[in-house]
Amino acid sequence: MSDFTYLSSSDDDDNYNYSDYKQHEDEDDDEDEEELHDGFENDDDDEWNTSSSSSSSQVITKESLLAAQREDLRRVMDMLNLSEQHARTLLIHHRWDVQKVLAVLVEKGKDRLYAEAGVTVLDRKCLTSQSSSEVTCIICMEDISVEEVTEMDCGHCFCNNCWTEHFIVKINEGQSRRIRCMAHKCHAVCDEAVIRNLVSARDPDLAERFERFLLESYIEDNRMVKWCPSVPHCGNAIRVEDDQYCEVECTCGKQFCFGCSSEAHSPCSCLMWELWTKKCKDESETVNWMTAHTKPCPKCHKPVEKNGGCNLVSCICGQPFCWLCGGATGRDHTWTSISGHSCGRYKEDQNQKAERAKRDLYRYMHYHNRYKAHIDSFKLESKLKESTQNKISILEGKDTTLRDFSWVTNGLYRLFRSRRVLSYSYAFAYYMFGDDLFRDEMTKAEREIKQNLFEDQQQQLESNVEKLSKYLGENYELYDKGKVMEIRMQVINLSVITDKLCKKMYECIENDLLGSLQLATHNIAPYKSKGVEKASEFPIWSTKANIADSHDLTHNTKIDGVTVESNGPSGTQNNESGSSTRKHTNNGSGGSSKKQRADYESGCSTRKRGRREPHGDGLFDLNLPAEVLDKS
C-alpha cells in the first residue's frame, strides 16, 4: 500500500485550489503566490536553456564525434599508460565503458585485462636484427624479403600480401573493429595503423570504410551513446552520463526514449510500449472480435456472423451448420431443434474460450479508447499555441496594466505535458493489471488494491487536466481585467496541482507497482516537471594546448617501462631501445605520417571529416550509420 495522501475526487475537493495547497507549504500566502508564479516561469526558462555543465546528456555531432571518442581514449591512456590503438582495443572490447575497464583492472589485474581484450604489449627482439635477409611466410609458404613482411605486437609475422588479404576479408565481413592475428589460436588484435596502411595501398575506399567503422564504434558499441532516431536522420548521436532509462531531446527537436529509441513513452516501460504499439497496429484485436462474434463454416472455414435469431446458420458456400456448436447439419429444422442434430451437452473449453476472447476485447477497447481520446485531445490542444498568441496580442493592445502573460504559456506547457502522461498511463495500466506480463506477480486481491490505488490518482489527474484545458480555451481576451485575473489564478493553481499529481503518480508506479515486482524488472524514465531534457552540445576539443597535450601523450608513451613513439594519431610504434621496428616498403607511410602529424597538430584531421565519395561529388556524413552510407 502507498503511504501517499491523495486528493479526493468529490465535488468539494474538485475545487481544491492553489491557496489550499500552499497552506501545507508556506504561511505567507501573498508572497508565495507571486514567488510560485515567477519561479514556475523561470524554472521553465532555465530548463529549456540548460547549460552544458548541468545537462546529463550531450549531442555528438559530426564535428564533435572524434573529440568525444578521444576523451574516453585519453582517460584509458592516462590510466594504463597505453598507446591509442591499445586503448581503443580495450574500450571496444568493453563497449566503451571506462568504469568497466577500471573494474576489470582492479578485479583481475592488468595481464588478464589485456589478454581478454586481445591487447599484446611485448618486449621482443627487432625483426630486422635477424641475420637472414629473407623470411618464410607460413601462410603462402614463400620466402619473402624482410622488408616485405610485417610483425604484429604478438610477435607473429607474415608477408604483407597475406596480411592485406586477411584484412580485406575481415573488413568486408564487418569485423573491422577487432581484426585478430592470423596465427593459429592467437587472439591478439592487429594494430589499426598497420591495417590502415596496408589496405590503403590496395584499396583506398576500403581503407576509408575501415576508418569509418573505427570512428562509428564509439556509437555502435557504446551502451551510453545512441543515434538520434529522427527521420530523415539529423546526423547526431546522444550520449548520456549515468542513467540509460531516460528521455532526451536532440538539438533537431526529436524527443525519444534512450532505452529503446522509440518515442518518449513514460510512464510505460520499454517492453510495455513495444507490446502496446504492436497491439495497436496489428490485427490481433480484429481476430479477437471475430472470435467473439463469428463462427467458422465447417466446409469453407470462412467466418460467418449470425444476423438472426435462428441457430441454423447457412454460409454463402451453401453449407448449413449449427450456431451453438459449429457442427455441419442438414437444412430441415423446427422452432426448437434441427433434424438429426443435438448439441445440448456443455462443452466447457469452447465456451470459455469465446467468453475469454470477448472479455479481453472489451478490456482492450476500454484502455485504447481512453488512450486515443487523450492523444486526440493533445493534437487539438496543440492548436491553442497559435490562438493563444493572438489572444495575448489583443490583450497587450488594450489599455490595461496586465503585461505579464507567461502564466498562459506555462499553463499550455503543463497541459501538453500532463496530457501525454495521461494517455500513456492507460497503456501502462493495460499491462500492469492484466495477465500478459504480471500474472504470477500479484494475487487477485493485491492486484485489485493496487489497481484502485493507481486509478484514484489517474482520475484526479484527469479531472484537473480537463479543468486546465477548459480555462486555457476561454476567450479571455474579451473579458475585463477582473475576469482575466481570476482565470490567471485558476491556470496557475491547476498548473501546480497537475504537476504535483503527475509526480505522485510516477512515485506510485516506481515504488508501489514496478518496485514491488519479484520476477521481472521494468524501468521507466523518471518524471521531470519541465519535461524531456534537452541535450547540450558536446564541446569540440580543438584548442592547441589540448591537441599538443594529446600529441605528446599519443606519440610518446611508455609501455612497461619502455618508451614508445607512434607515427600518427594511432600509428606504428618504434622502440627507443631498438627492440621492435616495423617496415612497410609498399605503403609510403613516411609521407603520410608527416601529413597526419601536421593535421593532428593543427587541431583537425582530414581523415576524420566528411570526404568525397568515390563515384560522386557529395560529401558523406561519418556520423550516419554504415548501412545508410552503403545504400547511398
Simple spin-label model, 7 Å along Cα-to-Cβ: Lys372 to Lys281 in nm?
-> 1.7
Answer check: the range 393-491, Cα atoms, Kirkwood Rh, Rg/Rh ratio of 1.22
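May I ask you to work out the translational diffusion coefficient for the range 351-531 at 20 °C, viscosity 1.002 mPa s, via Stokes-Einstein with Rh from the Kirkwood sum over Cα pairs, reported in whole µm²/s?
Numbers: Rh = 18.5 Å.
D = 116 µm²/s.
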Label points 7 Å out from Cα along the Cβ direction at Asp203 and Glu510: separation in nm?
-> 5.0
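Set the Förster distance to 45 Å, then compute FRET efficiency between Leu517 and Ala183 from the Cβ-Cβ distance, nearest 0.05.
0.35
Could you grab the relative contact order for the range 351-531? Cα pairs under 8 Å, six or more apart, rounded to a whole percent.
On the way: 130 pairs, mean separation 47.7, N = 181.
Relative contact order of the range 351-531: 26 percent.
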May I ask you to compute the full-extension gain from Lys398 to Ser382, defined as 0.36 nm times their residue separation minus their alpha-carbon distance, rounded to one decimal in nm?
-> 3.2 nm
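In nm, what is the difference between 0.36 nm times the number of residues separating Arg223 and Met79 and their Cα-Cα distance?
On the way: separation 144, 0.36 × 144 = 51.84 nm, distance 2.14 nm.
Working it through step by step, the gained length comes to 49.7 nm.
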Label zone at Asn390, where the point sits 7 Å out along the Cα-to-Cβ direction: the range 465-481 residues whose backbone N lies under 20 Å = 469-480
Considering only Cα-Cα distances, which of the following residue pairs are longer than 19 Å: Lys278/Lys372; Lys379/Lys500; Lys110/Lys170; Lys504/Lys528; Lys226/Lys534; Lys281/Lys385?
-> Lys379/Lys500; Lys110/Lys170; Lys281/Lys385
Flagged as over-length at 23 Å C-alpha distance, from Lys383/Lys530; Lys279/Lys470; Lys279/Lys444, the pairs are Lys279/Lys470; Lys279/Lys444
Short version: ³J(HN,Hα) in whole Hz for each residue of the range 86-94, in order, from phi by Karplus 6.51 cos²θ - 1.76 cosθ + 1.60 (θ = phi - 60°), x for Gly and Pro, what are they?
-> 6, 5, 5, 4, 4, 5, 5, 5, 9
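Values in this text are rule-based calculations from the coordinates and carry no lab data. Note that this is a predicted model, so its numbers are computed, not measured. Quick reminder, even Gly has a Cβ in these numbers, built from the backbone with ideal geometry, and neighbours come from all protein chains shown.
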